[in-house]
1. Name every residue in the range A:161-199 that is open to solvent by less than 10 Å² (accessible area, probe 1.4 Å) and in contact with a strand residue (DSSP E or B) (Cβ under 9 Å, 6 or more places away or on another chain), in order of residue number.
2. Can you find, within the range A:117-129, the residue that is nearest to the other protein chains (Cβ to nearest Cβ) among those that are assigned to a helix (DSSP H, G or I) and touching a residue at least 40 places away in the same chain (Cβ under 8 Å)?
3. For a quick check of your reading of the model, give me the residue pairs whose first member lies in the range B:85-99 and is open to solvent by 10 Å² or more (accessible area, probe 1.4 Å), whose second is in a strand (DSSP E or B), with beta-carbon atoms closer than 6 Å and at least 6 apart or on different chains.
4. A:Met40 passes all but one of (1) at pLDDT 95 or above; (2) facing another protein chain (nearest Cβ under 8 Å); (3) crowded, with 24+ Cβ neighbours inside 10 Å; which number fails?
5. Report the residue count in the range B:472-493 for those that are within 19 Å of A:Asp472 (Cβ to Cβ) and open to solvent by 10 Å² or more (accessible area, probe 1.4 Å).
6. For the range A:55-67, state whether one or more residues are closer than 25 Å to A:Ala168 by Cα and of a type in the set (Phe, Trp, Tyr).
7. Just give me the residues in the range A:434-454 being in contact (Cβ under 8 Å) with a residue 24 or more places away in the chain and in a helix (DSSP H, G or I), in sequence order.
8. From the list A:Arg137, A:Arg105, pick out the single residue that is of a type in the set (D, E, K, R), closer than 28 Å to B:Ser116 by Cβ and in the same structural domain as A:Ala33 (by TED's automatic domain parsing).
There are 2 protein chains.
Amino acid sequence: MNGAKSLVKTLLAAGVDTCFANPGTSEMHFVAALDQVEGMKCVLGLQENVVTGMADGYYRIAGKPACTLLHCAPGLANGMANLHNARRAGSGIVNIVGDQATYHRPYDAPLTADTSGMAQTVSAWVRTSATAAELGRDAVDAVHAATTFPGQVATLILPADVSWGEGAVVGQPTPAARPPAVDGHAIETAARILRSKSPVLLLLAGAAVSGQAQQLAWRIARASGASLMASYVNAKVARGRGRLQLERVPYAMAPAMQALAKFKHIVLVNAEAPVGFFGYPDMPSIQYNRAAQLHVLSRPDQDPLEALQALVEALGAPHAAIPDPGPRPEAARGAPTPEGLAQTVAALMPENAIISDESISYGRGFYQFTHAAPAHDWLHLTGGAIGDGMPVATGAALAAAKQRRVINLQADGSAMYSLQSLWTQAREQLPVTTVILNNSRYNILIGEYGSVGATPGPTAMSMLDLGQPQLDWLKLANGMGVDAARASTMEQCADLLKSSFGQTTPFLIELMI
Amino acid sequence: MNGAKSLVKTLLAAGVDTCFANPGTSEMHFVAALDQVEGMKCVLGLQENVVTGMADGYYRIAGKPACTLLHCAPGLANGMANLHNARRAGSGIVNIVGDQATYHRPYDAPLTADTSGMAQTVSAWVRTSATAAELGRDAVDAVHAATTFPGQVATLILPADVSWGEGAVVGQPTPAARPPAVDGHAIETAARILRSKSPVLLLLAGAAVSGQAQQLAWRIARASGASLMASYVNAKVARGRGRLQLERVPYAMAPAMQALAKFKHIVLVNAEAPVGFFGYPDMPSIQYNRAAQLHVLSRPDQDPLEALQALVEALGAPHAAIPDPGPRPEAARGAPTPEGLAQTVAALMPENAIISDESISYGRGFYQFTHAAPAHDWLHLTGGAIGDGMPVATGAALAAAKQRRVINLQADGSAMYSLQSLWTQAREQLPVTTVILNNSRYNILIGEYGSVGATPGPTAMSMLDLGQPQLDWLKLANGMGVDAARASTMEQCADLLKSSFGQTTPFLIELMI
């Protein structure tokens, strides 16, 4: 058996049955093995950042890793921005990068570059497989690393001769490692603080914003009077009816500092200490009160359910029903506004929908108008590397086996980063509704320019304005096989959303905002 | 003065007057400085691989570096594939990457990543500027590194607080370093070999395929009986009437080995020893005769004109006119073929055109049918990282101040990697004619799959076929503001080429091949 076949068989044995791919010459034996061994669903992306972003979205919904197939160092480079986002999301990905044959690498042929050096910058685990005989074991280790809680990017570099070499052996999958146990002292400390009745914030992130974790957190909050908040970015937030009306720490420094100012204690549940996305002149880096005390209840690599359950018990916190969010909003009318769009999506979305949110500045307030929507999952841009909304939506739709509607709320500037995703949505006939928020500019940056103390002049606007020429998203979508229509009012937008939710195929709405 | 202003002023003083940009929040002070200091032409690309590819194309035609403006590590990652190609092209780029403020970096905010580690993989020179006071000097050093012969990628990482910090000083430009002198022994050895009358190949690459170098190489060939050939990839080849009918070492192993088999000596003029793009089972890595002797006349970092002139003198090689290539071809008729397209382009291209060639497998034989075209420059994909053809064409058009027609011969699969280039072409109203070679598949890979010993099955084809759904390049181009039309015959293609050559604006031809 050659290495490539052992790799495919090992991956399948370990439960990795989906491959997001953009192969090249050095991967042809792996492609042939995928032909010869049945069971791997292969999905083509027309640029690697689409491939890696799909793998990220897949993990967030499937809860198990897919593998990728990338071509040499430059192919990896193209996919690194969304691997960065996946790293920040805690998404498990078996990231397979084909490369020059080991003996050919020293000749420094044109495509040769520092594949391993690149991979180190975005991966928790990197290995270059050395021989076909070891590849099965390497694949087992890669899956093990990818499934290490909460999920990691594991890059397996696959030289062409390791792929075609004979004498390979299928690896025996090992069970995923259990997360490190939570610390008893941390539980005790948190319980003591929560009993103190001083202003305490329980800050939830990562796996601690799941529906189950929210139930436990709510019991703790009810019993102790503590406040609950979520970090600004999270891979997946359980939201809507039956879930908490959880708000996020705001993005901008001033409102974030205002929201956090009153807390003397912040208990971090799989969350990092809240800091600014960027440093600004004469502003602190941290968003919380400098006098506040931070306590780590559970780290991102620990199980928040275990920690929250222990805390519930330490406090003797009784069962408590999640509060009712009130009536479902009605679809908005008139000119598009952020509130109106959020209300309309909340009014119309089907049960168990998935939101892929790369709305950037337009969408910072979407949460408050969507609490009373049906239960849904909300996926965020976790690493700030724009261009993840469309591929994450695509991968999420595949992970849900096309059984859940995906709604991609998508800023136009960011959409241009990975618009090739639409083609994969058409090819796989995925139930994704994309709402392009067309303001024809990098609006977040025009806002940030203001903090420099002026309005952008013509040179600055030549780098911030997208309106010359206007992008026509109907043509772009149609050019890749996706039906599309334009909306200038919320009524039009509502009609298009409704009709797309009744279909099983992708649809794009260009909302002129 | 703040750091950002000192940076802009230093760049302008050093002759760097074009900035290819896709900025973010951490670059706003730099953007503001570009507003405040006049003289920098700023060109927006809607994805960073377009930005870096434009900078590569610009250098190849302008012969001096532009700067880029990228946003943090993920923005750099998005542009790394074309920085890899630029590195292989020997293109000088002052690659400016904004980043977290120095004091904010330890907080590991979402966009934070190993910027320097990423930069090392594609740059000859990397520095993270530490203070505003040092930024002017750092910029001088970056330009110096970028202009080191034949040109290098110099990455200057610019933390936000270095940009906004006061106390900055404009740097004093230093003259570009002279290339290291050629070695007298190398000249003597080459002269001795050329006099020996054994089969000798003078292999030219990089700066040694310029028009002037070709004149000298031809005198040497005439005087000695040596053969002349160019490497498979070159940043810019002077071609057409008045230039040599130079052929390249073929891409595929078998014809390359056949072409090189007879040479007992290979004299490398700024060329690397010819090796395969990839290793293949039971094939050697090198393409030349294992018994051949290789001699380095000049390294890629040395001046080939100096080396060839010295060799001309050592041989006493008389002046010799470049041979006439025969009559200009006529435009082809009927169904599209590679030969027909090459002949048609040769028949119709205006004087002094620029070809940006990312035709991949379709274009391997274009050279032999275009020798008798008017004088032109031919730009190749140098690093094998697909997605450079469109951005290189865009940057080349800007470097030529819109005075030369650029013809981008572009494979469809590769085009999808950086199609956002078309928007910049429309925005800047650039004279670029793009010919999309639409075969709706990764044809090179279907060929390579054959070497695995079979025809692709359905799983393999799900990763190699682009026809489901069909990409509609007219809609894609129109969606970004570029006029376009489809051609299914060479007559239609010729008509569209002719009419586009009469315009000053971009145009796209989708050629169904």
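1. A:Val162, A:Ser163, A:Ala190, A:Leu194
2. A:Met118
3. B:Arg87/B:Val153
4. So the condition that A:Met40 fails would be (3).
5. 9
6. No, the range A:55-67 contains no residue that is closer than 25 Å to A:Ala168 by Cα and of a type in the set (Phe, Trp, Tyr).
7. The answer is A:Asn443, A:Ile444, A:Gly447, A:Ser451.
8. A:Arg105
The values are calculated or read from the model by the stated rules, or taken from the named source; none is laboratory data. Only a predicted model underlies this, so the values are computations on that prediction, with no experimental measurement involved. All Cβ positions, glycine included, derive from the backbone under ideal geometry; neighbour counts span all protein chains shown. Surface accessibility is based on the protein's heavy atoms, side chains included, excluding ligands, DNA and RNA. Shrake-Rupley method; radii C 1.70, N 1.55, O 1.52, S 1.80 Å.
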